[in-house]
Amino acid sequence: MSRVRADEEEYWHSSKFRAFTFDDEDDELSQLKESKRAVNSLRDIVDDDDDDLERVSWSGEPVGSISWSIKETASGSTSSLDGRDSSLQKGSSSYAALPKQASSYSLSSLFKGRNKLSSFQSLSDALTDTGVKNYAPELRRSKAEYKDYSSDWSPKDTVRRMQRGKVCSLERFRSLQDKLVLLDEAVAGHDGNVITAVLIFLKRTLRREILFRELEVRQVALCHLIHFLRETGEQKFLLDLLRWGYCFFPLSLQLSQYREHLNIQDVEKRREFLKGCIGLPFSAEDTSHIQDHYTLLERQIIIEANDRHLEMAGQSELFRKYPRKASILNMPLVTTLFYSCFYHYTEAEGMFSSPTNLKKTFKIPDKQFVLTALAARAKLRAWGDVDALLTTKNWLGYTKKKAPIGFHRVVEILQRNNAPVQVLQEYVRLVEDVDTRLNLATKYKCHDVVIETYWDLKDRIQLTAYKCKVERGSAEEEKINSILKNMVRNAYS
């Protein structure tokens, strides 16, 4: 044993570093040699039997002794962190005075993989052995730390700890009464984060009917839940809440929920959202509006799918001549009607894209329908459709021109779409107000209408003055001269 101690002294007091000189070899080979010497010297120490070294616990007793087992058992049930600190200090002060006692394992056996009886075993067996597992006793947490996860906190104490940012488990509150007390304490604490956390717990553990019923008398918690559902985008849960609580929710809240459809980009999801809004407790007029909105979007989805197919296949001459500039999805009703009158004017009433079908389904007034259809057909320069649109037939079979929007607006729409003068004159003549008719006829150079109107008024002065505004030698000038001669002849007869 003296030789071993001498080797230890030599190893721990020796050094592999030398004073620096320019003659030193600083290559990798010299460093490798130094490392190899250090490892070999450590192997000499480890290979020898060193049964003098005993395993010592934190309490200062050799591991495996009876006193150590008793103290470890007692400390596992009653000791705290302070007690372990004091025993640790005691062990560090009495380490040098420990008596040599028998032990089933020594420090050298851990390195060499053999026990005191020199029966060799693998390193994995040595590490998994029961005696080796107890080599370093586990450091246990203090009771104060374990108390953070305790299930003994009252609802009031739980809320206070949540306000301080402590970890608290809410699963211990199982009964409905305990959960409601917890919610009331959270509301009384005026901490929005705590209220929201408790509401999330209640939302997960209570049925919706029970939760809605209890929130009816807790308006603060109800507002927090609504805000949370909006932020997280849980529209279905929010719609169920608004639909259930129609009696105590303000109308503005339901209207704001309906406006959420503007934030939904996916058309199918928007359709489903509008379908859910139909059941909200709106007034009869608002409910009808939401129903029409949902129906219109459904129609638009069908029309868009069919027209996209026709446009891509090139089967429609109208789509080839007038390509679509935008999708019909999410467009207003008037825009959808204009689109239908432009691309699907001649379709039967049974088709979803038919203008007549849209008019009946959404109860579009005649004035709005004629105005929109006239603009669409005039843009296509379909003057025959314009004439048919403004022609009505009575029960005797007689036809006449009729314009719910007034013929002065018909003339303006036709002129805006570059209608020929012959078409414009036909509808300028139908304007009932004389001054309006003359203004339109003069503005749009409908000379025949101006001449006929002055003739009906027998206004020779205005007719003579208007003669200067037409071209010399034109048919209009000859017509004015003929009328003036007839007026003179009638005056002397």
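Quick notes on this one:
- Scope the stretch 152-165; condition open to solvent by less than 20 Å² (accessible area, probe 1.4 Å) and within 19 Å of ARG204 (Cα to Cα); matching residues: THR158, VAL159
The rows are residues; the columns are (1) buried (at least 18 other Cβ atoms within 10 Å of the Cβ); (2) modelled with pLDDT under 90; (3) farther than 17 Å from ASP448 by Cα.
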position	(1), (2), (3)
ALA388	no, no, yes
THR391	no, no, yes
THR399	no, yes, yes
LEU414	yes, no, yes
ALA419	yes, no, no
GLU426	yes, no, no
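- Residue-level analysis places SER340 outside the set of residues that are assigned to a loop (DSSP other than H, G, I, E, B) and open to solvent by less than 20 Å² (accessible area, probe 1.4 Å).
- Residues satisfying the stated conditions in the stretch 448-466, i.e. surrounded by fewer than 17 Cβ atoms within 10 Å (Cβ to Cβ), among the charged types (D, E, K, R) and closer than 29 Å to VAL423 by Cβ: ASP448, ASP456, LYS458, ASP459
- TYR258 being in a loop (DSSP other than H, G, I, E, B), out of contact with any strand residue (DSSP E or B) (no Cβ under 7 Å at 6 or more places or on another chain) and touching a residue at least 24 places away in the same chain (Cβ under 8 Å): no
- Tally, over the stretch 261-311, of residues that are assigned to a loop (DSSP other than H, G, I, E, B) and polar (S, T, N, Q): 2
- Residue ID - least open to solvent (accessible area, probe 1.4 Å), chosen from residues in the stretch 166-225 that are within 11 Å of PRO155 (Cβ to Cβ) and among the β-branched types (Val, Ile, Thr): VAL198
- Subset of the stretch 287-326 [buried (at least 16 other Cβ atoms within 10 Å of the Cβ) and of a type in the set (D, E, K, R)]: ARG299, GLU304, ASP307, GLU311
- Test result for LEU329, under 33 Å from the mean Cα position of the chain (by Cα), at pLDDT below 90, surrounded by fewer than 16 Cβ atoms within 10 Å (Cβ to Cβ) and among the aliphatic types (A, V, I, L, M): no
- Scan of the stretch 432-483 for residues that are hydroxyl-bearing (Ser, Thr, Tyr) and assigned to a helix (DSSP H, G or I), ordered by number: THR436, THR442, THR453, TYR454, THR464, TYR466, SER482
- Qualifying residue in the stretch 356-370 (condition: free of Cβ contacts under 8 Å to residues at least 40 places away in the same chain and among the aromatic types (Phe, Trp, Tyr)): yes
The values are calculated or read from the model by the stated rules, or taken from the named source; none is laboratory data. Computed from a prediction, not measured in an experiment: that's the story for all the values here. Positions of Cβ are backbone-derived with ideal geometry, glycine not excepted, and every protein chain shown enters the neighbour counts. Heads up: the accessible areas ignore ligands, DNA and RNA and are worked out on the full protein's heavy atoms, side chains in. Shrake-Rupley method; radii C 1.70, N 1.55, O 1.52, S 1.80 Å.
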